[in-house]
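Visitor: Have a look at this one.
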Amino acid sequence: MPETPPPRRARAEIDLGALRANVRTLRARVAPHVRIMAVVKADAYGHGAVRCARAALKAGADWLGTATPHEALALRAAGITDVPVMCWLWTPGDPWGLGIKAGLDMSVSGMWALREVVAAAEATGNRARIQLKADTGLGRNGCQPADWPELVTEALDAQARGLVKVTGLWSHFACADEPYHPSIAAQLDVFRSMLDHAEKAGVEPEVRHIANSPATLTLPEAHFDLVRPGIALYGLSPGPKLGTGAELGLRPVMSLKGSVALVKQVPAGHGVSYGHHYVTEGETTLGLVPLGYADGVPRHASGRGPVLVGGRVRTVAGRVAMDQFVVDLGGDTPEPGAEAVLFGSGERGEPTAEDWAAAAGTIAYEIVTRIGARVPRLCVDSGN
Ligand SMILES: *Cc1c(COP(=O)(O)O)cnc(C)c1O
């Protein structure tokens, strides 16, 4: 059978040159001794984990980070074997033994995890690299201060038996994207005292770390030995309070584009899309954009999402459907097949993922990460 040509309908262009530039921008924001862990969880926020991991390493990242062990193992399976890879979201029964064999740095937040990793080390005969996670105030994963002494003691005991090596002590912020939020200083205080306890007990960590993108960009006192940027690698702002990605000196990596599938004239008073939430005011032209919520276009952006078509930014008219939505072209008549840019770098007048986040009442993280599997990723490279 002949190979099916790539679809004309839609594509997400991934600019690895922009990603490399973002890594260098972050590198310039941290002291020379600070290591950079490129966070490539969730398929690199929808951008493609392996290609983004390789580009980030090429531009000077030192570590890779994922949420699940399966994501980390996939990086190893793809041939990324010579850099430290950490993963932090473990569930009982997960493959600790494979993690040990793959040389992963495995996060331990509580006693159940320590018991499982120790059992896997005994079974495989190899020492596990573990990083103890402190809950310094996020209230999500991590070990509470009250339980920390026990976890540290038991981990050191397993280390003395040659079963684990405690390679890191780490935590995560709740509100780093809100500069001066009182929880930031409070978490740093708790982190320092939990570090102090562990180090006095005898832990000699290779790395201590707490900084995500917003803390990497705004909070040098939180950099310690390593920073863990995710969203900033992909050129997007962690949140409106920090400004746009462009204002932070970042370049968006993903552009989401489609081809207009139909252009047609309609009379005044014509309802558009499910529910008829948009009705044409006068005679106008409509353009059909063949992307929908199955592709990750948020239905919450119905009536609001911005799209560049024919040199002008239009607004989604009516509801975003599963596979398609409509824009009111206001009488313009671009050719069917014309490019529709939902978001991109913003340098050519197109909206950004941050604009879509505002239109959908969410964060830019969710916009790029949810772009669906039906949208092919196409690597482009703006150079540098
Ligand atoms: C996702 C994640 C990061 C990266 O966060 P950004 O805000 O995208 O920089 C860092 N650390 C942990 C534990 C994470 O889960």
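Visitor: Just one of the numbered conditions (1) away from the ligand (no atom under 12 Å from the Cβ); (2) open to solvent by less than 10 Å² (accessible area, probe 1.4 Å) is not true of Asp189; which one?
Guide: For Asp189, the failing item is (2).
Visitor: Between residues in the range 362-373 that are under 18 Å from Asp15 (Cβ atoms) and residues that are not in a helix (DSSP H, G or I), which pairs lie under 6 Å by C-beta distance while being six or more apart or on different chains?
Guide: Ala364/Leu236; Val368/Gly46; Val368/Met254; Thr369/Gly46; Ile371/Ala12; Ile371/Gly46; Ile371/Gly296
Visitor: Condition first: within 19 Å of Val375 (Cβ to Cβ) and not in a loop (DSSP other than H, G, I, E, B). Now tell me which residues in the range 288-313 satisfy that.
Guide: Within the range 288-313, Leu288, Val289, Tyr293, Ala294, Asp295, Arg299, His300, Ala301, Pro306, Val307, Leu308, Val309 meet the criteria.
Visitor: Do we find that Asp82 is over 19 Å from Glu154 (Cβ atoms) and of a type in the set (Asp, Glu) in this structure?
Guide: yes
Visitor: If you go through the range 98-115, how many residues are of a type outside the set (A, V, I, L, M, F, W, C) and either over 28 Å from the mean Cα position of the chain (by Cα) or crowded, with 21+ Cβ neighbours inside 10 Å (or both)?
Guide: So the count comes out to 5.
For (1) over 17 Å from Arg228 (Cβ atoms); (2) out of contact with any helix residue (DSSP H, G or I) (no Cβ under 7 Å at 6 or more places or on another chain), each residue gets a yes or a no:
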position: Tyr45; (1), (2): no, no
position: His70; (1), (2): yes, yes
position: Thr81; (1), (2): yes, yes
position: Met86; (1), (2): no, yes
position: Gly97; (1), (2): yes, no
position: Ser107; (1), (2): no, yes
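Visitor: May I pose another question? Can you list residue pairs whose Cβ atoms sit under 7 Å apart, with the first residue in the range 81-96 being in the same structural domain as Gly110 (by TED's automatic domain parsing) and within 18 Å of Val207 (Cα to Cα) and the second being more than 16 Å from the ligand (Cβ to nearest atom) and open to solvent by 30 Å² or more (accessible area, probe 1.4 Å)? Count only pairs 6 or more apart in sequence or on different chains.
Guide: These pairs meet every condition: Val83/Leu57; Val85/Arg76.
Visitor: Mind listing whichever residues of the range 218-258 are farther than 18 Å from Asn22 by Cα and open to solvent by 20 Å² or more (accessible area, probe 1.4 Å)?
Guide: The answer is Glu221, Phe224, Asp225, Pro240, Lys241, Lys257.
Visitor: Here are some residues: Pro205, Pro214. Which one is assigned by TED's automatic domain parsing to the domain that holds Met86 and assigned to a loop (DSSP other than H, G, I, E, B)?
Guide: Pro205
Visitor: Would you point out the residue of the range 129-162, among those that are within 16 Å of the ligand (Cβ to nearest atom) and of a type in the set (A, V, I, L, M, F, W, C), that is most open to solvent (accessible area, probe 1.4 Å)?
Guide: The selected residue is Leu138.
Visitor: Taking the condition of being open to solvent by less than 10 Å² (accessible area, probe 1.4 Å) and either more than 14 Å from Lys257 (Cα to Cα) or not assigned by TED's automatic domain parsing to the domain that holds Leu291 (or both), how many residues in the range 306-320 meet it?
Guide: Adding up the residues that qualify gives 4.
Visitor: Let me ask you something else. Looking only at strands (runs of 3 or more DSSP E) that lie completely in the range 3-117, which have at least 1 residues being among the charged types (D, E, K, R)?
Guide: It comes to 10-15, 35-39, 105-108.
Visitor: Can you tell me which condition Leu89 does not meet? The list is (1) more than 13 Å from the ligand (Cβ to nearest atom); (2) open to solvent by 10 Å² or more (accessible area, probe 1.4 Å), and all the others hold.
Guide: Of everything listed in (1) more than 13 Å from the ligand (Cβ to nearest atom); (2) open to solvent by 10 Å² or more (accessible area, probe 1.4 Å), Leu89 misses just condition (1).
Visitor: Filter the range 55-77 for residues that are among the small types (Gly, Ala, Ser), crowded, with 23+ Cβ neighbours inside 10 Å and within 16 Å of the ligand (Cβ to nearest atom) and give the result.
Guide: Scanning the range 55-77 gives Ala56, Ala61, Gly65, Ala72.
Visitor: Across the range 17-47, what is the number of residues that are open to solvent by 10 Å² or more (accessible area, probe 1.4 Å) and more than 14 Å from the ligand (Cβ to nearest atom)?
Guide: Residues meeting the conditions: 8.
Visitor: Given Gly245, Gly230, which one is within 19 Å of Ala56 (Cα to Cα) and more than 9 Å from the ligand (Cβ to nearest atom)?
Guide: Gly245
Visitor: Could you tell me which of the residues Ala53, Ala42, Ala38, Ala31 is free of Cβ contacts under 8 Å to residues at least 60 places away in the same chain, in the same structural domain as Leu217 (by TED's automatic domain parsing) and of a type outside the set (Asp, Glu)?
Guide: Ala53
Visitor: What number of residues within the range 328-384 are open to solvent by 30 Å² or more (accessible area, probe 1.4 Å) and of a type in the set (A, V, I, L, M)?
Guide: Qualifying residue count for the region: 5.
Visitor: If Gly305 passes every condition in (1) under 22 Å from the mean Cα position of the chain (by Cα); (2) more than 12 Å from Phe325 (Cβ to Cβ) but one, which one does it miss?
Guide: So Gly305 meets the others, but not (2).
The values are calculated or read from the model by the stated rules, or taken from the named source; none is laboratory data. Bear in mind that the values here come from a model prediction, so they are computed numbers and not experimental data. With ideal geometry, Cβ positions are generated from the backbone for all residues, glycine too; neighbour counts draw on all protein chains shown. Ligands, DNA and RNA are excluded from the accessible area calculation, which covers all protein heavy atoms including side chains. Shrake-Rupley method; radii C 1.70, N 1.55, O 1.52, S 1.80 Å.
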